[in-house]
Amino acid sequence: AVPGHGIEGSVEGRKIILGNARLMAERKIDIALLKNNFERMALEGKTAIVTGGGQGLGRAIADRLAAEGAWVMVLDIDGDLAKDAARAIEAARRRRTIFRKADVTRGEDMEAAVEEAVAAFGRLDILVSNAGILKAGEITEMPLETRRRVIEVNLTGYFVSARAAAKAMKVRKGG
């Protein structure tokens, strides 16, 4: 392809030129499909942990990672939700998907989850720290313990998850 005339992208930091756009159009090559396939290659064989992956946005993220080629561990404080999500994703996407009950605020839960993911997949490439809770109410009526739990899950949970994942990623100098 002539520089500036091809469809450019990158996979794992390497620049790729898919080809001359005019020639591809003349041959009725689906450029969007090619771009999608190259983008998918960026996650093919990668591994991910998604916290709060049993439902809602976390489940959707876990499903999308699997659809894009990643192997996924679904974590949720509700083990049944994690199991149901993982089984549904694995059946739909034909990608290895495992699950584990874990509380993101507990260091031992997150360390064990990362160890299990590394044992199952050989490494950890991606952490999606999605777990979070929302407790709304009148500020004058909200118990302080409720507010503390929100902070514990939403802020400390992120730190605990990232710390556990970073240890595994640091060993292999990537992730």
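The values are calculated or read from the model by the stated rules, or taken from the named source; none is laboratory data. For clarity, every value in this text was computed on a predicted model and none was experimentally measured. Here Cβ is always computed from backbone atoms with ideal geometry, including for glycine, and neighbour counts include all displayed protein chains. Heavy atoms of the whole protein, side chains included, go into the accessibility calculation; ligands, DNA and RNA do not. Shrake-Rupley method; radii C 1.70, N 1.55, O 1.52, S 1.80 Å.
Couple of notes before you dig in:
- FRET efficiency estimate (nearest 0.05) - Cβ-Cβ, Leu144 to Ala119, R0 35 angstrom: 0.30
- Entries in Lys83/Lys173; Lys46/Lys167; Lys101/Lys135 that, when Cα-Cα distance is taken, lie over 28 Å: Lys83/Lys173
- Apportionment of accessible area to carbon and sulfur, the stretch 43-159, percent (1.4 Å): 52 percent
- Computed Kirkwood radius, in angstrom, where 1/r is averaged over Cα pairs of the stretch 37-138: 13.4 Å
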